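Q: Could you have a look at this structure, given as structure tokens, before my questions?
The values are calculated or read from the model by the stated rules, or taken from the named source; none is laboratory data. Keep in mind it's a predicted model, so treat the numbers as computed, not measured. Here the Cβ positions follow ideal geometry from the backbone for every residue, glycine too, while neighbour counts run over all protein chains shown.
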């Protein structure tokens with residue numbers, strides 16, 4: 001067993017990625033921050049080939065993406081072609097559409113429907129991964145939405161992409177959940193949580209907050225997580241500097 005490889009989630013620097021030239025410059029800065037891979041998410045319009053060329057220019061592997069569930073359903077073949085061009089195995093859904101999230105039945109319906117498209121991806125050598133926020137930890141009776149997704153989806157094709165911050169934000173234990181989805185998670189989001197004097201948590205660079213990184217990293221190693229994408233939706237510093245801080249801290253943790 002080995003530790004996961006580290007990538008930068010481009011959603012962190014989305015405000016700088018609205019044009020193709022902005023994307024190129026952001027990739028350059030991500031490389032300078034110490035990363036060798038990226039997860040593509042939240043960027044502006046760019047041709048698939050041009051994105052691949054820019055990533056190759058800075059020797060950055062595209063390890064995963066985030067796309068909308070609507071695009072997966074309505075533009076499936078282009079999604080497959082895009083990921084094959086990028087040599088990118090993991091097709092991520094950043095969140096389920098809101099109409100599914102209001103009931104136990106809605107979560108179950110999404111799990112079943114998403115599994116159908118996940119099967120199409122699997123048949124084409126790709127892998128579906130679902131990224132959570134905290135709303136998935138709302139309870140319906142005695143079961144949470146995340147538990148419904150775990151139970152009702154096809155375990156052969158429906159993968160998970162836990163977000164450490166949002167799991168904690170939802171009142172659950174990231175370490176516990178890494179073990180719960182063992183065998184179904186190749187990609188995870190590393191994001192830290194810090195306490196504030198405003199009575200609410202905030203996002204922080206990995207290692208700058210209060211999450212149990214020793215336990216999280218060890219659980220990732222034991223369960224075979226391949227990629228850890230560093231993400232920070234809201235940064236207290238320049239987003240590129242935040243990515244660099246996270247990378248330095250992870251290196252100090254042995255990654």
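Q: When you scan the range 78-108, how many residues do you find that are surrounded by fewer than 18 Cβ atoms within 10 Å (Cβ to Cβ), in contact (Cβ under 8 Å) with a residue 40 or more places away in the chain and under 30 Å from residue 47 (Cβ atoms)?
A: Number satisfying all stated conditions: 1.
Q: Restricting to the range 31-59, name every residue that is under 21 Å from residue 189 (Cα atoms) and either surrounded by fewer than 14 Cβ atoms within 10 Å (Cβ to Cβ) or within 17 Å of the chain's Cα centre (by Cα) (or both). Walk me through how you get there before you give the answer.
A: Going residue by residue through the range 31-59, those that are under 21 Å from residue 189 (Cα atoms) are 31-43, 55.
Scanning the range 31-59 gives 32, 35, 36, 37, 38, 39, 40, 41, 42, 43.
Q: Name, by its number, the condition in (1) under 22 Å from residue 66 (Cβ atoms); (2) modelled with pLDDT under 95 that does not hold for residue 169.
A: All conditions pass for residue 169, except number (2).
Q: Identify all residues within the range 80-111 that are touching a helix residue (DSSP H, G or I) at 6+ places or on another chain (Cβ under 6 Å) and more than 28 Å from residue 139 (Cβ to Cβ); write none if there are none.
A: Result: 82, 85, 86, 91.
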